[in-house]
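Structure first, commentary second.
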């Protein structure tokens, strides 16, 4: 996983929070992915190729969300991670993918 280290201290803190949450969930961060800042939204994100969702923290918050992007039309759906497990998040992303396939 690549980590952008050319970010401000608050963004670095949020990257740390996302990596910590990924570890708590049991996600494998050793594969292909990146932790960075979206220059358009200001959101800090952790994207890992092995998962069907991206973790992110918004610009004015420390709440962690999961984001799923429809591969067909780019529509995005988000959910606050809270106490969700990795299995919950994976099932959520799979359900959204299946719904998109049926449409």
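Overview of values
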| read-out | value |
| --- | --- |
| Alpha-carbon Debye profile of region 2-102, log10 I(q)/I(0) at 0.21 Å⁻¹ | -1.12 |
| Over the chain, relative contact order from alpha-carbon pairs under 8 Å, at least 6 apart, % | 19 |
| Crossing angle, helix 9-25 versus the chain [Cα axis fit, 0-90 degrees, rounded to tens] | 50 |
| Using alpha-carbon coordinates, inclination of helix 86-102 to the longest axis of the chain, degrees | 50 |
| Segment residue 72-residue 7, length gained on full extension (0.36 nm per residue, minus Cα span) | 20.2 nm |
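Read the figures in this text as sums done on the coordinates, not as results from a lab. Keep in mind that this is a model prediction, so the values were computed, not measured.
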